[in-house]
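First up is the structure itself, then whatever we jot down about it.
The values are calculated or read from the model by the stated rules, or taken from the named source; none is laboratory data. Not measured: the values here are computed from a predicted model. Here the Cβ positions follow ideal geometry from the backbone for every residue, glycine too, while neighbour counts run over all protein chains shown.
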Amino acid sequence: MNKPNFKDAMNRCKIATEYEDLQENYKPVFIGKKYFLRTYGCQMNVHDSEQIRSYLETLGYEECLSLEESDIVVLNTCAVRENAKDKVIGFLGRAKHLKKTKKDLIICICGCLMQEPNEVDNIQEKHPYVDIVVGTHNLHELPNLIMNRINKQSINVYSNSNQVYENVQYSRDSKISAWVNITYGCNNFCTYCIVPYTRGRERSRKPEAILNEIRGLKAAGYKEITLLGQNVNSYGKDLEEDYPFSKLLEEVAKIGIERVRFVTSNPWNFTDELIGVVAKYDNVMPYIHLPIQSGSNEVLKKMNRPYTVEEYKRLFDKIKQAVPNVAITTDIIVGFPNETEEDFQQTLDLVNYCKYDGAFTFIYSKREGTIAAKMDDKVSLEEKEDRLYRLNEVVNHYSLEKNKTYEGIEVPVLIVGESEKDSSKVYGYTETNKLVNVEAPKSVIGSIINVKITEAKSFSLDGKMIL
Ligand code: 5AD
Ligand code: SF4
């Protein structure tokens, strides 16, 4: 049994990244059995679930969409806010109930929540019916843990890692759009954030491994790839060779896949070279997610965000100027410990300045083990909720205003699926990452088509295919 601890998870000591080739061969020993996989949280987790799916399918399991039908349940958890945890614990109750009648059911939990020592203790003490606990650093051990399952809870979580695994197999959700990891972990330790503790130190994949993966995706017909990292701008800083993110992005663009995106690009290490590559290549999409978190310099400092509001605005303006029609979105936290009304007003001022295409807004959630969790906080939840409400009013106003500028114009849209609400429609995304519901036949799924926008809403556009 290996349990995590935050002391090791915080370890900043620089150990060279080790690269390991996963040459795994598993046999389909569970043919006829079914798996139920539920994913919580960010794109990184969504992509990890594609790895989990590949393991389960190689072992012979087939996916099912109801918990009751399943022989194995895998919950890929998120720890970034308290409500993500509540959902997992709620779902575990259902799985426990099912296990009463289905004794052989295997219950497995992985993901960020399992990197938290308290949560692992909780599973051990209060949820003994959980069979397997595996962490973010050793997901590749999951198939062995399933095959060699013992009649006892098995906990295998490591606190930190200097490892990068290559040749990971994925059973991808989409045949059109693919996630590609470029870095793992984070070194920034924003004081509110649990991610540096759950995902370990920043490690970059080698450029050739990334470029080869993308060449393979192009050959397989993928139309879009999104480069993934907690902070993609830091790519290459730990590599022996000088290989900044701008260079990687340029090499990726040259492969010639139709659409290239990246997340998350924080407002530091965002170089002029990087802006230049986004501006130069038509297949690098004019869409940037640029988290601000707060419009108050005081709060940014307490959050350990390494920029000021003034620096952020300068970067924002530079991107807007260099990349025509760029869409910029952001993340904002309200109610950070002792955020004053004045701090909050400065956040509103910033939103009024940037007029974002969209923003993901959150109430600060205390994460045990982080620096902010020890900060004194006199702001009531009621006040925080009120700030979130007021912020969303402003954010939504600008989202709608931006979307309205699309009305009546024609834009290329990559169609990715059938509309869930209306089966006579399909849906896809503009270059600027806006969701569009389109009147068009299903045969266009997987193609980039021209769409005339007929109506703008706050969170989506409606349109018609132009022949
Ligand atoms: N409370 C609220 N929001 C958080 N985020 C990260 N940690 C917390 C927290 N403790 C938000 C940040 C980040 C996004 C992915 O989640 O805005 O950019
Ligand atoms: Fe968390 Fe900050 Fe790292 Fe983003 S950059 S993952 S918010 S610590």
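Pick out, from region 420-467, the strands (runs of 3 or more DSSP E) lying fully within it that include 2 or more residues that are modelled with pLDDT of 95 or more and touching a Gly at 6+ places or on another chain (Cβ under 9 Å).
By residue number, 425-430, 435-439, 448-456.
Name every residue in region 190-213 that is surrounded by fewer than 21 Cβ atoms within 10 Å (Cβ to Cβ), within 11 Å of ligand 2 (Cβ to nearest atom) and farther than 12 Å from GLY229 by Cα, in order of residue number.
Within region 190-213, THR191 is the sole residue that qualifies.
Given the criteria within 15 Å of ligand 2 (Cβ to nearest atom), under 17 Å from the mean Cα position of the chain (by Cα), among the polar types (S, T, N, Q) and surrounded by fewer than 19 Cβ atoms within 10 Å (Cβ to Cβ), does ASN187 qualify?
The answer is yes for ASN187.
Which condition breaks for LYS254 when tested against (1) over 23 Å from LYS313 (Cα atoms); (2) within 16 Å of ligand 1 (Cβ to nearest atom); (3) not hydrophobic (A, V, I, L, M, F, W, C)?
(2)
Could you grab me the full set of residues in region 173-207 that are in a loop (DSSP other than H, G, I, E, B), more than 15 Å from ligand 1 (Cβ to nearest atom) and closer than 23 Å to LEU248 by Cα?
Hits for region 173-207 are ILE176, ILE182, ASN187, GLY200, ARG201, GLU202, ARG205, LYS206.
Filter region 235-269 for residues that are hydroxyl-bearing (Ser, Thr, Tyr) and crowded, with 17+ Cβ neighbours inside 10 Å; which is farthest from ligand 2 (Cβ to nearest atom)?
Taking the candidates together, the pick is SER246.
On the phi < 0 side of the Ramachandran plot, within 16 Å of ligand 2 (Cβ to nearest atom), in contact (Cβ under 8 Å) with a residue 40 or more places away in the chain and surrounded by 21 or more Cβ atoms within 10 Å (Cβ to Cβ): is that true of PHE344 in this structure?
So PHE344 does not fit the description; no.
Could you list all residues from region 285-308 that are over 12 Å from ALA322 (Cβ atoms) and of a type in the set (A, V, I, L, M)?
Those that are over 12 Å from ALA322 (Cβ atoms) and of a type in the set (A, V, I, L, M): MET285, LEU290, ILE292, VAL299, LEU300, MET303.
Please specify each residue of region 50-85 satisfying the condition of being hydrophobic (A, V, I, L, M, F, W, C), away from ligand 2 (no atom under 16 Å from the Cβ) and more than 16 Å from LYS33 (Cβ to Cβ).
Within region 50-85, just LEU75 meets the criteria.
When region 285-300 is examined, which residues are found to be more than 14 Å from ligand 2 (Cβ to nearest atom) and buried (at least 21 other Cβ atoms within 10 Å of the Cβ)?
MET285, TYR287, ILE288, GLY295, SER296
Please state which of the following conditions ASN304 fails to meet, knowing it meets all the rest: (1) within 16 Å of ligand 2 (Cβ to nearest atom); (2) crowded, with 19+ Cβ neighbours inside 10 Å.
ASN304 satisfies all of (1) within 16 Å of ligand 2 (Cβ to nearest atom); (2) crowded, with 19+ Cβ neighbours inside 10 Å except (2).
Looking at region 316-334, is at least one residue within 16 Å of ligand 2 (Cβ to nearest atom), over 25 Å from GLU202 (Cβ atoms), aliphatic (A, V, I, L, M) and at pLDDT 95 or above?
At the first step, the residues of region 316-334 found to be within 16 Å of ligand 2 (Cβ to nearest atom) are 329-334.
Now drop any that are not over 25 Å from GLU202 (Cβ atoms), which leaves 334.
Now narrow it down to the ones that are aliphatic (A, V, I, L, M): 334.
If we keep only those that are at pLDDT 95 or above as well, we get 334.
Yes, that holds for at least one residue.
Any chance you could count how many residues in region 77-128 are hydroxyl-bearing (Ser, Thr, Tyr) and exposed (fewer than 15 other Cβ atoms within 10 Å of the Cβ)? Break it down into steps so the answer makes sense when it comes.
Just the residues of region 77-128 that are hydroxyl-bearing (Ser, Thr, Tyr), to begin with: 77, 101.
Within this subset, residues satisfying the condition of being exposed (fewer than 15 other Cβ atoms within 10 Å of the Cβ) are 101.
Number of matching residues: 1.
Are any residues in region 291-315 closer than 20 Å to GLU273 by Cα and away from ligand 1 (no atom under 16 Å from the Cβ), and if so, which ones?
GLU311, LYS313, ARG314, LEU315
Are any residues in region 359-380 away from ligand 1 (no atom under 13 Å from the Cβ), in contact (Cβ under 8 Å) with a residue 24 or more places away in the chain and exposed (fewer than 14 other Cβ atoms within 10 Å of the Cβ), and if so, which ones?
Matches in region 359-380: ASP376, LYS378.
Report every pair of residues separated by at least 6 positions or lying on different chains whose Cβ atoms are under 6 Å apart, first residue within region 264-275 and small (Gly, Ala, Ser), second within 13 Å of ligand 1 (Cβ to nearest atom).
Close Cβ pairs (under 6 Å, with a partner that is within 13 Å of ligand 1 (Cβ to nearest atom)) do not exist here.
Among THR39, THR17, which is the only one that is more than 30 Å from GLY90 (Cα to Cα), surrounded by 12 or more Cβ atoms within 10 Å (Cβ to Cβ) and away from ligand 2 (no atom under 16 Å from the Cβ)?
Result of the check over THR39, THR17: THR17.
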